[in-house]
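For reference, the structure discussed in these notes is given below.
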Amino acid sequence: MNKKLWVSIIIFFLIPSLFSEVSLTKYYPKILSLNNDGQNDFLFVKYKNDEGKKIKLKIYDINNIVVYEENITGSQQEWSEGDEYIFKCLLEEKNFAKEKLFPGPYIFVLTADEQQVIGKGVFVVVK
């Protein structure tokens, strides 16, 4: 086989598997009702954390004010599913210490070790 082909195969398949990954995989639902009917009452954040870093979730309102903040690594609402973790965010009004939770858009940011942004997302609260 050609030397260039072997080098390409090694670079493409082997090298990426040598590096650990910390990243946001998915979040759902994108619209939350928060009416305690058992549907769309929780924000689920799915992420990879192969490096075992401390993951923090911050939620901002439309005015860029932090309305919710939690260290989610090791939380009771976190569990693993294969090589990914899922965090069940309890978005109840009593958890929003700085601001009252109003209907509208919210932005969340996941960070690793308080510095590295590993994911962002937008969801909407309706009532």
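Just so it is clear, none of the values below were taken in a lab; they were calculated from the coordinates. Treat the numbers as computed from the prediction; the structure is a model and nothing was measured. Positions of Cβ are generated from backbone atoms using ideal geometry, with glycine treated the same way; all protein chains shown enter the neighbour counts.
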Under the Karplus curve 6.51 cos²θ - 1.76 cosθ + 1.60, θ = phi - 60°, whole-Hz ³J(HN,Hα) for segment 105-119, x wherever Gly or Pro sits: x, 9, 10, 10, 10, 9, 10, 10, 6, 6, 10, 7, 6, 10, x
Hey, if you put +1 on the Cβ of every Lys and Arg and -1 on every Asp and Glu Cβ in segment 20-125, which of PRO29, ASN63, LEU91 ends up farthest toward the positive end of that dipole? ASN63
Over 23 Å between C-alpha atoms is what I'm after, so list which of LYS88/LYS120; LYS30/LYS56; LYS54/LYS127; LYS46/LYS127; LYS56/LYS127; LYS30/LYS54 land there. LYS54/LYS127; LYS46/LYS127; LYS56/LYS127; LYS30/LYS54
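Using the Kirkwood radius built from alpha carbon pairs, what does the Stokes-Einstein equation give as D for segment 20-125 at 20 °C and 1.002 mPa s, in µm² per second?
Values: Rh = 14.0 Å.
In µm²/s, the coefficient rounds to 154.
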